[in-house]
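The values are calculated or read from the model by the stated rules, or taken from the named source; none is laboratory data. These numbers were taken from a predicted model, which means no experiment stands behind them. Cβ coordinates were reconstructed from backbone atoms using ideal geometry, including for glycine residues, and neighbour counts include every protein chain displayed. Surface areas here come from the heavy atoms of the whole protein model, side chains and all, with no ligands, DNA or RNA. Shrake-Rupley method; radii C 1.70, N 1.55, O 1.52, S 1.80 Å.
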Amino acid sequence: MKNADGSKLNLAGCRFYTGAPGTALTITVSQLGSSPADYSRVVAALAAGKSTFVFPAAEGQGYGQAGEEGREAAVAQLIRGDWRYFVQITPRVEGRDAVADAVALLRQVVNQLGLPRSEHLPRPAAAPTS
């Protein structure tokens, strides 16, 4: 069965672990609609204007950011076509720009998969905050 954009993928992901507790690297790609809350977070994060990196509009709708050193992972998310790409690096490596690493890895995944850029599915809206 094919998706509306001609692709066959609905969801893909992988996780990498080190000897330390928890996941060192998470990469997921999902078609819009499978987890609306995740997609709304991309829009809400962009609207908040607190991201370290914002993808150029030609690449899609996304951002990269990291929390306090040693506490929160570096994350990059991008909505491109009917797809959401997500990369998380935990913990950040001392002496490296964690956001730049997450953004570069996300771009590599986008290029490697070569999923269609067509937009057939509804676009996410920011989730209301209270």
Item to check | Pick from the stretch 57-73, criterion within 15 Å of residue 101 (Cβ to Cβ), part of a loop (DSSP other than H, G, I, E, B) and open to solvent by 30 Å² or more (accessible area, probe 1.4 Å), ranking: modelled with the lowest pLDDT | outcome: 69
Checklist outcome for this item: Checked pairs for the stretch 80-98, first over 19 Å from residue 15 (Cβ atoms), second open to solvent by 10 Å² or more (accessible area, probe 1.4 Å) and modelled with pLDDT of 90 or more, C-beta under 6 Å and 6 or more apart or across chains, list as 80/60
Checklist entry - Going through the stretch 74-100 one residue at a time, which ones are at pLDDT below 85 and open to solvent by less than 10 Å² (accessible area, probe 1.4 Å)? => result none
Checklist entry - If you scan the stretch 40-56, which residues turn out to be of a type in the set (Phe, Trp, Tyr), open to solvent by 30 Å² or more (accessible area, probe 1.4 Å) and assigned to a loop (DSSP other than H, G, I, E, B)? => result none
Checklist entry - Residue check, residue 34 against (1) modelled with pLDDT under 70; (2) of a type in the set (S, T, N, Q); (3) part of a strand (DSSP E or B), all met but one. Which one? => result (3)
